[in-house]
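Here is the structure we will look at.
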Amino acid sequence: MAILITGGAGYIGSHTVVVLIEAGYEVVVFDNFCNSSDKSIKRVEEIVGKFIPLVEGDIRNSIDLEKVFENYSIDAVIHFAGLKAVGESVAEPLKYYDNNIHGTAVLCEVMQKYGCKSIVFSSSATVYGDPHTTPIQEHFPLSATNPYGRTKLFIEEMLRDIFVADNQWKIALLRYFNPVGAHISGVIGEDPNGIPNNLMPFITQTAIGRREFLSVFGDDYDTVDGTGVRDYIHVVDLALGHLKAVEKLHTFESVMAINLGTGRGYSVLEVVNAFEKASNKAVPYKITPRRSGDVAKCYADPTYAKDVLGWEATRDINQMCEDSWRWQSNNPNGY
Ligand code: NAD
Ligand code: UDP
């Protein structure tokens, strides 16, 4: 029995492959490499000392997926495959609706055909829109402020409908907060294409000299120092959350939406300070206007994850920064 990891060559997927293999699971990675390459999986093989089955294919293509279900006995799917750049989703919404929503529909159809009805889905804290208060609990109202967020919301709804139609399905909607960090080996990590949108890769690329300075998007929010506050979570903790979800899926009697965060928020300047301390590198920055669509504060109430999955994040901001820096300094230009 194996677990199919769609998008397994990507940032969170590759770390989850390591955790699953170390826990004794068999995995099959499925990816079209639109935002990754097979290099990450070669690196994962170095870490775990094992061959990892890797299938190149697109989740929108049922023939590609059916080959996997024909060749392997798939028990459950962890579904990471998707496009995730907010700005691009605003510019090219149809690309996002096609890849993320249509792709997930095709995946579920093929799963159904082969009697595989267990899925862990990569959702996001973006489904809470601009939260009325923090920390954020799973029952808070949902909304979307851009096409990327709308794909996550719609897929959550699609998966709920699939469960209503057939309650043999076991479905976890994992709502990630802000994944950062890298495997402690420094061999795998986040390798964004082009100019990073996210804070941590922008910081590490500034520290290594690939960017001149970090733009801090606004210092007039109602937060500890005026800069935006987020719940940064170490990618290995996040990966361990997926392991727990896979282990607990069979006990779920309804679709479970679960926050994966630490419960602690850090401002942009707090992250910059923590990074400078952990790396011993300066991160020049300039305060610039707010980025449109950003919220002041976003951090999780992680209680439900602890109750339902027996999981909580254990890696702190210092470790997140140390591991991000190890990856970046060992791999100045990524993979
Ligand atoms: P990533 O881009 O590194 O990984 C996604 C992988 O999916 C890539 O390897 C890409 O090549 C693959 N992929 C995309 N479309 C595909 C398709 N049609 N068929 C096959 N493979 C396809 O991104 P990540 O940061 O690892 O994110 C994984 C998932 O988690 C995504 O669904 C993302 O939306 C979600 N998520 C990420 C974050 C974050 O900040 N990184 C936060 C919340 C949710
Ligand atoms: N941010 C910033 N400069 C950057 C990138 C991000 O000041 O170059 C801020 C952003 O405004 C937010 C926080 O860092 O307050 C996290 O942003 P990111 O894009 O990483 O994640 P988000 O929570 O927006 O998905």
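The values are calculated or read from the model by the stated rules, or taken from the named source; none is laboratory data. The structure displayed is predicted, hence computed values, not measured ones. Counting neighbours? That spans all protein chains shown, and the Cβs are built from the backbone with ideal geometry, glycine included.
What to note about this one:
- Failed item, numbered, when Asp307 is tested on (1) in a helix (DSSP H, G or I); (2) within 19 Å of Ala207 (Cα to Cα): (2)
- Of the candidates Val187, Val235, the single residue that is within 26 Å of Ile47 (Cβ to Cβ) and in contact with a His (Cβ under 8 Å, 6 or more places away or on another chain) is Val235.
- Matching residues in segment 37-68 - criterion: being touching a strand residue (DSSP E or B) at 6+ places or on another chain (Cβ under 8 Å) and closer than 13 Å to Val27 by Cα: Ile41, Ile52, Pro53, Leu54, Val55, Val68
- Among the residues of segment 56-85, the ones that are surrounded by fewer than 17 Cβ atoms within 10 Å (Cβ to Cβ) and within 21 Å of the chain's Cα centre (by Cα) come to 1 in all.
- Segment 242-290, subset part of a helix (DSSP H, G or I) and charged (D, E, K, R), residue surrounded by the most Cβ atoms within 10 Å (Cβ to Cβ): Lys244
- The set of residues in segment 89-119 that are more than 30 Å from Ala2 (Cα to Cα) and buried (at least 17 other Cβ atoms within 10 Å of the Cβ) contains only Ser89.
- Unmet requirement for Gln205, which otherwise passes all of (1) more than 13 Å from ligand 2 (Cβ to nearest atom); (2) more than 18 Å from the chain's Cα centre (by Cα); (3) polar (S, T, N, Q): (1)
- Some residue of segment 277-296 being within 9 Å of ligand 2 (Cβ to nearest atom), under 26 Å from Trp327 (Cα atoms) and modelled with pLDDT under 95: no
- Residue count, segment 163-200 (criterion: part of a loop (DSSP other than H, G, I, E, B) and not charged (D, E, K, R)): 20
- When restricted to residues that are exposed (fewer than 15 other Cβ atoms within 10 Å of the Cβ) and under 20 Å from Leu243 (Cβ atoms), segment 291-305 contains 1.
- When residues of segment 306-335 are limited to those that are among the small types (Gly, Ala, Ser) and more than 19 Å from the chain's Cα centre (by Cα), the one surrounded by the most Cβ atoms within 10 Å (Cβ to Cβ): Ser329
- For segment 224-240, the candidate set comprises residues that are among the acidic types (Asp, Glu) and out of contact with any Gly (no Cβ under 7 Å at 6 or more places or on another chain); within that set, the residue that is nearest to Trp327 (Cα to Cα) is Asp237.
- Glu212 being of a type in the set (Asp, Glu), surrounded by fewer than 23 Cβ atoms within 10 Å (Cβ to Cβ) and closer than 23 Å to Glu322 by Cα: yes
- Just one of the listed residues (Phe30, Phe51) is aromatic (Phe, Trp, Tyr), loosely packed, with under 15 Cβ neighbours inside 10 Å and either away from ligand 2 (no atom under 16 Å from the Cβ) or within 18 Å of Val246 (Cα to Cα) (or both), namely Phe51.
- Some residue of segment 101-117 being touching a residue at least 12 places away in the same chain (Cβ under 8 Å), within 22 Å of the chain's Cα centre (by Cα), within 29 Å of Ala300 (Cβ to Cβ) and part of a loop (DSSP other than H, G, I, E, B): yes
- Number of residues in segment 201-241 that are of a type in the set (Phe, Trp, Tyr), touching a helix residue (DSSP H, G or I) at 6+ places or on another chain (Cβ under 8 Å) and in a loop (DSSP other than H, G, I, E, B): the value is 1.
- Qualifying residue in segment 61-84 (condition: in a helix (DSSP H, G or I) and in contact with a Gly (Cβ under 6 Å, 6 or more places away or on another chain)): yes
- Top-ranked residue of segment 120-160 - restricted to ones that are acidic (Asp, Glu) and surrounded by fewer than 16 Cβ atoms within 10 Å (Cβ to Cβ), ranked as nearest to Asp231 (Cα to Cα): Asp130
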